[in-house]
Every structure is written in structure tokens, then in C-alpha cells.
2 protein chains.
Amino acid sequence: MNTSVTTKELIQLLDQYVTPHKKEVIDNVLAQRTRHLTVVLEDLYHPHNISAVIRTCDCFGVQDLYITQRLHEYDINPNVVRGASKWVTLNKFERQKNTSVVCFEELKSKGYRLVGTTPDRDSVSMEMLDISLKTALVFGTELGGLSEYARDEVEEMVHVPMYGFTESFNISVSAALLLQHLMGRLKTMNLDWGLTDEEKDELKFEWYQRIVKRSDLHLKKFFEERGLSHPINE
Amino acid sequence: MNTSVTTKELIQLLDQYVTPHKKEVIDNVLAQRTRHLTVVLEDLYHPHNISAVIRTCDCFGVQDLYITQRLHEYDINPNVVRGASKWVTLNKFERQKNTSVVCFEELKSKGYRLVGTTPDRDSVSMEMLDISLKTALVFGTELGGLSEYARDEVEEMVHVPMYGFTESFNISVSAALLLQHLMGRLKTMNLDWGLTDEEKDELKFEWYQRIVKRSDLHLKKFFEERGLSHPINE
């Protein structure tokens, strides 16, 4: 933002239109959000799976999801995602060459350790995975798994332990099992896994804009009254 | 079986056609199988979900699955189930009135405590669920949840804790999360959660029959040589 208006002031402006119940829900959700763990979906085929993973990220408090789509069209299935895409930050890398390269560079610049997921029992079991550093869990396509590039780039591979004949879980199930276990463990660790106050404010403002009817008009008026141009929702 | 042939003898007969690797896999799987926990799917709509739950049961060692289908057609999706239906015991209650009644009576006669699953946070959290007794986890339809009958019959309701805006997981994800947590906890408890030797033998014989090519011919010959009628695979 180029103006002198702070995010806190904008939150204050919309706050009056948000019910106390919704404010409480938002504060509770924000207190459980993390960017310590993140999920990368590399070129999945089935929109059903992508949508289910978005929903799972929301449920477990994983704020960011990275989606690369080099080959496949990408559409969210509203019945599966159940609105979760409104609350999870989707970082999309679509229809360009080397989507995974661009995506992985961004993750590394943000300090993430890249960990590939696999059904292969020779990899690290999720119970043993070191998550003391920021960790990005990379999921490959339903059939082929990770791309060759991703396989070279990840520092480690992790699997969910299985005790039957079937040698893999469905991707959306696998993501949920990993996040349930890793988020549970993360919360017992002596680590700052939560969002910073600034990150929380940014999300709160974003979510308020989604919740408050015609928030764009309130914001426009606010900026006009101060003789400022409206930097949001252009 | 009305003959004097024991299951052990029949296993012995087919044993020579099973590779050492497959024997080891089967023994490992049997050692992790349980009937202490079981899953009931009440009239699900989507074959996709049923198939995913079958696969999850196999992966976590839950041997029995109860499926009631009063209203909906039921078909396994081979791409989703990935062969798991061969290794999990499917108890189907189909196309009759009161399928849930018949199913629940059978479960109670086997000593199961019925526990309904729900996204409702007012129910017991899975971490707090008492699983010291044999427990059947009942999942209702994707839209309406448990039937009224099931809601009356279950002793308790359980949910998977969630920390986001989305108020429920997809059913196949929810089943996987519950089983991962409860099976993990069960294995730390001082309980005989495994199968009995007789149960293991019965399953081993059943699985050997699936694995060994033309096992029916071997068995037929075996019985004929002993002047016995063939009681299996009629």
C-alpha cells in the first residue's frame, strides 16, 4: 500500500459490520494458522483431489498452498472444497514452462525445506520427519508421483506408514494424514509455528473484505474522504 | 466345514504355491489386523467414498467393514479401491428394508459398542474417545449424516478436531483421520486388539485362495483324493 493508511485502520473500519460470533471464529482460526508447514501440489490431474486438499489445509490450519499446473487444467470443485478456498492462500503457478522451478525457487527464498511425499516405505516415516525448519510437503501426480525435477530438488522423501496390502493412499487422504500427524506434533514443539501479528492482520483484513457485504464501497468511501486513491480491489 | 479337514491342512496344501515374499507380506499384514475397531458405512451416495474407505481400512489394518445400502446402488470403483476389497471383509446389507437394524443387531451380538461420527464439535473429540471396548465407527451419508435410527442407537458421537472455517472433512478423509488416530492409540494400549490364531488362519486360507492360480482345482483334487465332497467355492 502506498498510502499512510495502516491495515489496522482498515480492519477497524470493517469491524463494525462483522458479528461478534464471526470475529471470535476468525480470531480462533488465526490463532491456529501456520506457515511453518505448507503444501505443494505438483500438477495433479483431479480437481477433486486439489479441492479436497484445500479443504484439509483449512481444517488443519495450514494457511498456504502452492499449486503448479503445467499440463493439466485446474478448476476447484465447489462441492468438495466447501468454501475453503476463500480462507487458504492459494499460490498458483499455471500454464507456463517450468512451473515447478518457479514455485520451488519462491519456496526456497522463503526459507522452506522441500520434502517430497511418496508411498515408498524406503523413505522416512512421517513420525521420524524433522520439522524443526519450515517445511514444504510436495505431492506429485496421482499416477507418476513427483516430477523428475522435484525428485532432484527435495531434500528428503516422507511416507505415511501403512500396514495392509494396498501400497498407497489416495492423495487427498495422504495429505490429510500427514497434516494431522505433523500439525499435531508441531504444536507440541517449542517453536514459533504461528503467524506474526502482521500476517494475522493482513489475513483478517482480507477475510473481513470477503465477509462484509459491499466492503469495496466502504473502503472506497473511506479513501475518498481522506483524499486518497483506493489501492485495494482495483 | 463338515469334513474333518482343518483350515491348517488346507493352508498347508496351498502353501507350496505361494512365494516366500508373499508369505512374509501376508504374515506381516495379519499381525497388524484387528477386529477391535470396525467401520460401518450407512447408505453412502458416492462409490468413490466407499472405495476410498475400503482402501483406508486395509492400510490401517481394520479387517471388517459393514456397508448398508438401503437407498443407493453400490459399486466399487476399481481405480480408487486399488484391490483393497480383496483383503478387507465386506459385510454388505443391501436392498432390504431396515438394513441398518439388521446390521446393528449383528454388530451388537458381536459385542460392539456403536459410535457415530459427526463433524459436530459438541460431540466427543477423537482424542477422548474410549476405545477400551470393541468399537464400531458409524459413518452416515455425505449430506444428511447418520439416519435417525442410527442416531438413536449409537452410544456416543465422535468428531475429528478441526481448526479452520470449513466445518467438515470429506467422509473418506474423515474415516482415514479417525482410523489413523484410533489405531495408533489402540496399539499403545494393553489390549488384545489382534486377531486370534483361528481368525488369522481363516483369512490366510481365504487370501491363499485368491493368490494361488486355480486354487479351486488344487482343493478339488485334495478333497477327491480323500473321498470328501468339496465344501469350498461352490
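Each of B:Tyr17, B:Tyr208, B:Tyr163 was scored by other Cβ atoms within 10 Å of its Cβ. Arranged with the fewest first, they read B:Tyr17, B:Tyr163, B:Tyr208. Among B:Asn190, B:Asn170, B:Asn28, the largest mean-square fluctuation in a Gaussian network model of chain B (Cα springs under 10 Å) belongs to B:Asn190.
Let me make sure I get this right: for region A:117-159, a, b and c are the square roots of the gyration tensor eigenvalues over alpha carbons, sorted descending. Under 1.5 in a/c it's rounded, otherwise prolate if a/b > b/c, else oblate. Which is it? Oblate shape, in that a/c is at least 1.5 and b/c is the bigger or equal ratio.
Hey, rough spin-label estimate for B:Asp27 and B:Ser4, points 7 angstrom out along Cα→Cβ, what's it come to in nanometres? Distance between label points: 3.0 nm. Of all aspartates and glutamates in the structure, the ones whose alpha carbon falls short of 20 Å from that of A:Lys108, not counting any fewer than 8 places away in one chain, are A:Glu42, A:Asp43, A:Asp64, A:Glu94, A:Asp130, A:Glu148, A:Asp152, A:Glu153, A:Glu155, A:Glu156, A:Asp192, A:Glu199.
Taking amide H positions as modeled 1.01 Å from N, with prolines and chain starts lacking one, the residues under 5 Å from B:Glu156 and 5 or more places away or on another chain are B:Gly116. Counting only residues at least eight positions apart within a chain, or on another chain, the lysines with an alpha carbon under 26 Å from that of B:Lys8 are B:Lys22, B:Lys23, B:Lys86, B:Lys110, B:Lys200, B:Lys204, B:Lys213, B:Lys220, B:Lys221.
Between B:Lys213 and A:Glu206, the simple label model (points 7 Å from Cα in the Cβ direction) yields a spacing of 5.7 nm. Note on chain A: with a GNM built from Cα contacts shorter than 10 Å, the maximum mean-square fluctuation among A:Ile131, A:Ile50, A:Ile11 falls on A:Ile11.
Between the amide H of B:Leu129 and any residue lying 5 or more places away or on another chain, no distance stays under 5 Å, with hydrogens modeled in the peptide plane.
A simple packing score, the average count of other Cβ atoms within 10 Å per residue, orders the peptides B:195-204, A:34-43 as A:34-43, B:195-204, with the highest score first.
In the calculated pair distance distribution of the protein assembly as shown, what percentage of Cα-Cα distances lie above 30 Å?
53
To the nearest ten degrees, helix B:215-225 and the longest principal axis of the Cα atoms of chain B are 40 degrees apart. Summing charges over neighbours of B:Asp27, with a neighbour being any other residue whose Cβ is under 13 Å away from its Cβ, gives +1 when K and R count +1 and D and E count -1. Scalar couplings 3J(HN,Hα) for region A:22-34, obtained by applying the Karplus form with A = 6.51, B = -1.76, C = 1.60 to θ = phi - 60°, are 5, 4, 5, 4, 4, 5, 5, 5, 4, 5, 9, 6, 9 Hz; x denotes Gly and Pro.
Sequence-ordered 3J(HN,Hα) estimates for region B:56-61 from the Karplus curve with 6.51, -1.76 and 1.60 and θ = phi - 60° stand at 5, 4, 4, 4, 9, x Hz, glycine and proline given as x. With K and R counted +1 and D and E -1, the other residues having a Cβ less than 10 Å from that of B:Glu156 yield a net charge of -1. In this rough spin-label picture, where each label sits 7 Å from Cα along the Cβ direction, the B:Glu142-A:Lys110 distance is 3.1 nm. Pairwise Cα distances in region A:1-62 exceed 21 Å for 49 percent of all pairs. Calculated from the alpha-carbon coordinates, region B:34-188 shows an Rg and a Dmax of 14.2, 40 Å respectively.
Charged neighbours of B:Leu228, selected by a Cβ distance under 12 Å, balance to 0 (K, R count +1; D, E count -1).
Averaged over its residues, how many other protein chain Cβ atoms are within 10 Å of peptide B:47-60's Cβ atoms?
4
Computed from backbone phi with θ = phi - 60° and the Karplus coefficients 6.51, -1.76 and 1.60, the 3J(HN,Hα) list for region A:134-149 is 4, 10, 10, 8, 9, 10, x, 5, 4, 9, x, x, 5, 5, 4, 4 Hz; x is used for glycine and proline. Measuring between their Cα centroids, region A:154-199 and region B:125-159 lie 26 Å from each other.
Any read-out appearing in this document is the output of simple, stated calculations on the displayed coordinates, not a laboratory observation. What you are looking at is a predicted structure, and each value in this text was computed from that prediction instead of being measured. With ideal geometry, Cβ positions are generated from the backbone for all residues, glycine too; neighbour counts draw on all protein chains shown.
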